[in-house]
Amino acid sequence: SKMPRPMIVSSGNGLHVYWILSEAITPDVWQPLADGLKKLHTDLGFDVDPKVTADLARVLRPVGTVNPRGGKEVRVLMDAPGTELHILQNLLRKDNQYVTDPVTSQHTPEGSGLLSALAVQQDFPPAVAEVVEMPAG
């Protein structure tokens, strides 16, 4: 597919794959990319939840938290540099067709800002909300 290297996160119950953009985008810019990615993984035969890929309302599980379904910590398995928007737009065009030009698979060398932003800085074990108890009174 010539997609750039993604960030891969273990959600505690499966893998989440993210392409970190080097700039913020609006939902109307994001939706054609999400639809193109959905078509790409379907065409390639990946076993994924088809509703998740193009669902704007989904919330990712922050790295360092605990998935309440199974109690496993959410962690990064592979970090990736930011990707320029035009690269994904070339690969996952609005008409849901993708190209295979190897030039478009290049990405920026900087590290992932999303990983830093989502990392939970803590000196204590992760908490699970269901077991946190309110004090009496």
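The values are calculated or read from the model by the stated rules, or taken from the named source; none is laboratory data. It should be emphasised that the depicted structure is a prediction, and the values quoted were computed from it without experimental measurement. Reconstructed Cβ throughout: ideal geometry from the backbone, glycine too, with neighbour counts over all protein chains shown. Heavy atoms of the whole protein, side chains included, go into the accessibility calculation; ligands, DNA and RNA do not. Shrake-Rupley method; radii C 1.70, N 1.55, O 1.52, S 1.80 Å.
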Here the residues within the stretch 13-25 that are open to solvent by 70 Å² or more (accessible area, probe 1.4 Å) and more than 23 Å from Val74 (Cα to Cα) are Glu23, Ala24
- Task: Kindly indicate whether any position in the stretch 57-66 is touching a strand residue (DSSP E or B) at 6+ places or on another chain (Cβ under 9 Å), more than 20 Å from Arg5 (Cα to Cα) and not in a loop (DSSP other than H, G, I, E, B).
- Result: yes
With criteria (1) modelled with pLDDT of 90 or more; (2) crowded, with 17+ Cβ neighbours inside 10 Å; (3) in contact with a Ser or Thr (Cβ under 8 Å, 6 or more places away or on another chain), Ser10 comes up short on (3)
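A quick yes/no check of all residues on (1) crowded, with 17+ Cβ neighbours inside 10 Å; (2) acidic (Asp, Glu); (3) on the phi < 0 side of the Ramachandran plot:
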residue	(1), (2), (3)
Val29	no, no, yes
Leu33	yes, no, yes
Val48	no, no, yes
Glu84	no, yes, yes
The condition from (1) in contact with a Pro (Cβ under 6 Å, 6 or more places away or on another chain); (2) at pLDDT 80 or above that Leu88 misses is numbered (1)
Restricting the stretch 15-40 to residues that are touching a helix residue (DSSP H, G or I) at 6+ places or on another chain (Cβ under 7 Å) and in a helix (DSSP H, G or I), the one nearest to Leu88 (Cα to Cα) turns out to be Leu33
